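Here's the structure, in structure tokens; my notes come after.
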Protein chains: 2
Amino acid sequence: MAKIKDVAELAGVSVSTVSRVLCNGPVSDKVRKRVEAAMAKLDYRPNLAARRLRSQHTDTIGLIVSDIRNPFFTAVSRAVEDEAYRNGMRVILCNTDEDPEKEAMYLKLMREERVTGVILAPTRHSAAALDTESLGFPVVMIDRTPAQGDGDAVVLDNRRAAAQLVEHLLAAGYRDIGGLFGNTSSTGAERHAGFVAALDHAGLPAPARFVPPSVEAAEAAVSAWLAEPDRPRALLISNGIFMLGAVRAIKAAGLCLPHDLALAGFDNEVWTGLIDPGLTVIEQPVDEIGRSAMAMLLARLEDPARSHRHVVLQGKLVPRGSSAPLRQ
Amino acid sequence: MAKIKDVAELAGVSVSTVSRVLCNGPVSDKVRKRVEAAMAKLDYRPNLAARRLRSQHTDTIGLIVSDIRNPFFTAVSRAVEDEAYRNGMRVILCNTDEDPEKEAMYLKLMREERVTGVILAPTRHSAAALDTESLGFPVVMIDRTPAQGDGDAVVLDNRRAAAQLVEHLLAAGYRDIGGLFGNTSSTGAERHAGFVAALDHAGLPAPARFVPPSVEAAEAAVSAWLAEPDRPRALLISNGIFMLGAVRAIKAAGLCLPHDLALAGFDNEVWTGLIDPGLTVIEQPVDEIGRSAMAMLLARLEDPARSHRHVVLQGKLVPRGSSAPLRQ
DNA sequence: CTGAAAGCGCTTACAG
DNA sequence: CTGAAAGCGCTTACAG
């Protein structure tokens with residue numbers, strides 16, 4: 001493939017001059033035209049590896065999530081990529097499957113790529129132990145947040161959102177409310193805290209179960225729970241993946257929403273509005289989360305010394321039939 | 001960040017030797033240990049940009065799809081990425097939104113990255129005009145296939161799959177069957193061909209409509225169609241995105257599946273099994289499509305001269321309530 | 001098994 | 001505005 005030297009020879013100029021037209025440096029119009037003609041003729045495309053090596057900036061960001069197939073991360077990723085390309089950056093996408101080892105491996109890879117920065121949904125392990133400062137590049141966390149609470153992050157107000165769902169269920173007349181939460185992420189822990197706080201405030205017990213992050217685990221847990229004699233009258237489900245398992249379990253048990261069981265949860269996935277009688281959910285501002293994370297990263301690059309901050313976004317309650325008011 | 005020279009100095013060897021332990025070249029055990037100790041001490045990580053520039057292989061593949069949020073592409077992407085990382089390659093993901101200009105831009109970017117190869121779901125434009133040979137890197141097409149039919153590709157047997165759905169509907173007693181297809185991809189055209197062929201074979205008309213690839217367009221088209229006096233008794237819907245629009249239109253029209261209208265379509269998305277009475281679909285082997293595409297790319301790199309081939313995978317009919325037998 | 005030298009394709013001071 | 005030279009951090013022949 002043609003290189004800068006070929007272009008220079010064809011145009012009768014030095015490589016420096018070709019480089020200048022590439023980077024919009026000061027070049028006379030006449031020369032610029034000639035160089036551009038040569039580039040077109042040779043179908044020249046600059047070699048990004050060479051440029052990155054020499055210029056010492058890669059214009060690359062890493063995006064590390066648990067699984068791109070989780071619709072929440074799908075949507076966030078798309079928003080991040082759009083923003084990145086708009087800013088002349090490219091993104092390297094990695095799936096950890098909540099596995100700290102994979103996460104550590106990808107973090108190493110990010111160093112080898114000399115990425116400009118990373119947007120990370122940390123596993124529980126790294127949220128607790130990761131030293132954001134020593135990585136050599138800035139990190140913006142999304143969805144999950146480190147235990148210590150420092151570092152840059154864009155998160156949902158999980159406590160508030162969970163409390164909001166509980167209050168909604170209480171207002172609809174439900175009292176016996178159970179909660180299902182993930183046992184690997186800070187998100188699950190925070191939503192659990194909001195759940196407990198809201199029920200506490202109402203003087204009610206807050207029975208909760210914790211499961212690993214899979215549809216199957218959620219389905220099994222809900223099935224088992226629903227088979228117990230003192231099963232709850234309403235269920236709060238901590239994310240969209242679990243919601244799927246819960247709906248399957250409810251169908252399998254032959255229960256009718258909301259007549260036999262009320263249901264409310266997280267993530268306004270397309271199907272939650274489609275299945276009867278509609279699922280009450282907290283909608284997360286997925287596009288805004290992606291855009292904000294990218295904006296924070298750019299701001300951090302601009303000013304490495306600025307103080308860390310957490311952007312906490314509010315979810316939006318989307319009430320549907322699955323939590324319709326209880327009729328005695 | 002530490003570079004190879006720092007490691008060499010600390011270990012008291014030449015940079016060549018450090019490079020050799022990096023690439024598992026021939027090095028004495030004693031020296032290797034010393035170098036590894038120096039690397040660990042300096043927390044050394046090789047610079048991939050430098051390695052790529054010098055070695056002339058990037059171990060990078062491009063993955064260009066229309067939209068990662070389309071669950072079909074989400075699943076395929078994840079499979080491609082897993083295979084890629086397993087083979088020591090990384091992937092650059094791009095979304096074209098079916099826009100030929102974006103596609104052309106990303107294809108240029110791929111050249112600048114000097115990618116090893118590309119997996120591409122071509123827009124209708126490029127499927128017609130793209131010269132796979134002149135790009136400078138091998139391309140494996142997925143989902144869509146170029147008009148001329150040459151090049152490497154992994155596709156579904158779309159004609160057969162659509163015919164299978166029609167035959168299923170016919171066997172269930174439906175006669176008045178309409179079809180909704182995408183107007184931008186070869187996939188839509190092929191499914192339409194299978195639809196027409198199967199109905200032709202039964203001596204029946206094959207009313208079809210074509211829409212741009214969006215939920216909204218599908219919803220509007222189905223709404224309009226259902227409002228007509230001679231609306232079909234059954235609908236074949238050409239993909240998972242359109243299916244969503246169709247279900248919304250059907251709900252809005254207050255029609256009951258399959259009593260008022262039978263429905264069958266493509267893509268076994270999670271929600272198709274969840275909404276009542278269950279949607280009959282053709283399930284695509286998404287993981288296999290991703291893995292096969294990656295395998296074809298690797299085989300092509302291995303042997304650039306081997307003849308082009310199309311891998312044609314069969315879909316699997318998943319019959320559900322939406323196409324239950326018609327009772328007179 | 002080890003080292004010295006060249007060079008991948010750019011950008012970046014430094015002169016003019 | 002333009003060019004000659006150095007160098008980014010590696011790998012790759014080439015000697016020994």
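Numbers below:
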read-out	value
Ratio Rg/Rh, restricted to the stretch A:226-286 and using Cα atoms, in which Rh is the Kirkwood radius	0.96
Residues with amide H under 5 Å from that of A:I119, placed H, sequence gap 5 or more	A:G62, A:L63, A:I64, A:V140
Options B:L10, A:P100, A:G62, ranked by Cα towards positive dipole end of the protein assembly as shown, top entry (Cβ charges)	B:L10
Highest-fluctuation residue, B:S16, B:S77, B:S307 considered, GNM on chain B with Cα pairs under 10 Å	B:S16
Whole-Hz couplings from phi, Karplus 6.51/-1.76/1.60, listed for the stretch A:42-52; x for Gly and Pro	8, 6, 6, 9, x, 8, 5, 4, 5, 4, 5
Counted charge near B:N268, where neighbours are those whose Cβ lies closer than 13 Å (Asp, Glu -1; Lys, Arg +1)	-2
Placed amide H near B:L261: partners under 5 Å, 5+ positions off or other chain	B:C256
Exam field: B:E112 pseudo-label spacings to other copies (7 Å along Cα-Cβ), nanometres	2.4
Charge context of A:A224, other residues only, Cβ under 14 angstrom, K/R +1, D/E -1	-1
Under the Karplus curve 6.51 cos²θ - 1.76 cosθ + 1.60, θ = phi - 60°, whole-Hz ³J(HN,Hα) for the stretch B:163-177, x wherever Gly or Pro sits	4, 4, 5, 4, 4, 4, 5, 4, 4, 7, x, 7, 10, 8, 10
Dimensionless Rg over Rh [the stretch A:4-46; C-alpha; Kirkwood]	0.89
Contact order relative to length of chain B, as percent, for alpha carbon pairs under 8 angstrom and 6 or more apart	16
For A:Q314, label point 7 Å along C-beta direction: distances to other copies, nm	5.6
Accessible carbon and sulfur surface of chain B relative to its total accessible area, %, 1.4 Å	52
Long-range amide H partners of A:L313 with built H, under 5 Å	A:V155, A:L156, A:D157
Note, ³J(HN,Hα) from phi for the stretch A:193-202, Karplus 6.51, -1.76, 1.60, rounded to Hz, x at Gly and Pro	4, x, 4, 5, 4, 5, 6, 3, 4, 8
Inter-label distance, nm, simple model (7 Å from Cα along the C-beta direction), A:A227/B:A193	5.1
Net lengthening on full extension, A:S14/A:R209 (0.36 nm per residue, minus Cα-Cα)	63.3 nm
Over 31 Å between alpha carbons, listed pairs A:K102/B:K33; A:K102/A:K251; A:K3/B:K102	A:K102/A:K251
Within the protein assembly as shown: Cβ-based charge dipole about Cα centre, in debye rounded to nearest 20 (Lys, Arg +1; Asp, Glu -1)	1720
Heavy-atom accessible area ranking, 1.4 Å probe, most first, across B:V80, A:V318	A:V318, B:V80
Cut-off 12 Å between beta-carbons: net charge of the residues surrounding B:I241, Lys and Arg +1, Asp and Glu -1	-4
Distances in nm from A:E228 to the matching label points in the other copies, shortest first (labels 7 Å along Cα to Cβ)	5.6
Probe 1.4 Å, protein heavy atoms only - accessible area per residue of chain A in square angstrom	42
Normalised contact order of the stretch B:106-220, rounded percent, pairs of Cα under 8 Å and 6 or more residues apart	21
Largest to smallest accessible area among B:H57, A:H310, B:H201 [probe 1.4 Å]	B:H201, B:H57, A:H310
Exposure rank, largest accessible area first [A:D287, A:D143; 1.4 Å]	A:D287, A:D143
Taking the stretch B:4-46 and dividing mean pair separation by its residue count, relative contact order in percent (alpha carbons under 8 Å, at least six apart)	42
Exposure of A:D303 as accessible area (Å², to 10), given a probe of 1.4 Å and all protein chains	70
Per-residue SASA entry for A:W225, accessible area with 1.4 Å probe, Å² rounded to 10	10
Listed residue (B:N87, B:A49, A:P205) projecting farthest to the positive dipole end of the protein assembly as shown, Cβ model	B:A49
Listed residues B:I177, B:I282, B:I92, most fluctuating in chain B (Gaussian network, C-alpha, under 10 Å)	B:I92
Choice from B:A162, B:A202, B:A246 with maximal GNM fluctuation in chain B (Cα, 10 Å cutoff)	B:A202
19 Å Cα-Cα reach of A:K41 towards aspartates and glutamates, excluding residues that sit fewer than 8 places from it in its own chain	A:D6, A:E9, A:D29, B:E112, B:D131, B:E133
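The values are calculated or read from the model by the stated rules, or taken from the named source; none is laboratory data. Here the structure is a predicted model, which is why all the values come from computation and not from measurement. Glycine gets a Cβ as well: all are built from the backbone with ideal geometry, and neighbour counts include every protein chain shown. Quick note on the areas: whole protein, heavy atoms, side chains included, nothing else; ligands and nucleic acids left out. Shrake-Rupley method; radii C 1.70, N 1.55, O 1.52, S 1.80 Å.
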